[in-house]
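As structure tokens, the structure follows; a few thoughts come after it.
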Amino acid sequence: MAIQFFCAACHQPIEVDDDAANQSVTCPYCRKVVTAPFSSDPSVRMPSGGAMREAGPLGAAPQPASGGTLSPLTHGTMGSPLPTGRNTIGWVALVFAILSVICIIATAFVYGSWIASEGIKTTAELQKRLGEIQASGQAPPSVMTASGMACLGIVAYLTALVTGIIGVVNKKQPRWPAIVAVIVVAGSVLLLCGMTCLEAMANRAGGG
């Protein structure tokens, strides 16, 4: 015969088997540990929804009622996805990646214009002219502008690389801005390395 009583924590009517008398059980409503009495509480009445929920032993999963309704602990939480926010850092990475590319293009344009205006045609002439500028301590405005944009491009590149990796690793959506940012900065490095190698090969061929 089942023992019916009220949970001492949430005061909901529950029942246990008679062999669980005077033992600790888990309330299917509030999941608190309560002690079952030796006998049923005469004031307990059958709930309007049907059968009472049966309390289980310690650590047991909540028992469904006759209507198949799960206890409040599990209802609506099984299989629900983890909440995820917007991947804002991915957009930050994309913005800095675009900024780094703009700085690289602007630096090359300003620096190339200055080289053309100075009539410099070889690497040796460029190194000589830069040595003269360093010795005098007075750089032309074009060189200073190109140097400033180059520094800004390096900072933007490093920021895009770090934030892009973080945006790819985390589980927030969307991730494509971070992926594009990483591809852009990686492609920029490969492009600069390729241009440097081609320039070195051209100088070596010209010197030979």
*Can you run phi through the Karplus equation (6.51, -1.76, 1.60; θ = phi - 60°) for segment 12-27 and list ³J(HN,Hα) in whole Hz, with x for Gly and Pro?*
8, x, 9, 9, 9, 5, 5, 6, 9, 4, 6, 10, 7, 10, 9, 5
_Could you sort the peptides 122-128, 99-105 by per-residue average Cβ neighbour count (10 Å cutoff), highest mean leading?_
99-105, 122-128
*Expressed as a whole number of Å, what is the distance separating the alpha-carbon centroids of segment 10-43 and segment 133-147?*
86
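Please report, to one decimal in angstroms, the Kirkwood hydrodynamic radius of segment 88-207 built from all distinct Cα-Cα pairs. Please list the in-between numbers first.
Numbers: mean 1/r = 0.0624 Å⁻¹.
About 16.0 Å, per the Kirkwood formula over Cα pairs.
Read the figures in this text as sums done on the coordinates, not as results from a lab. All of these numbers come straight from a predicted model, not from anything done at the bench. Please note: Cβ atoms are built from the backbone with ideal geometry, for glycine as well, and neighbour counts cover all protein chains shown.
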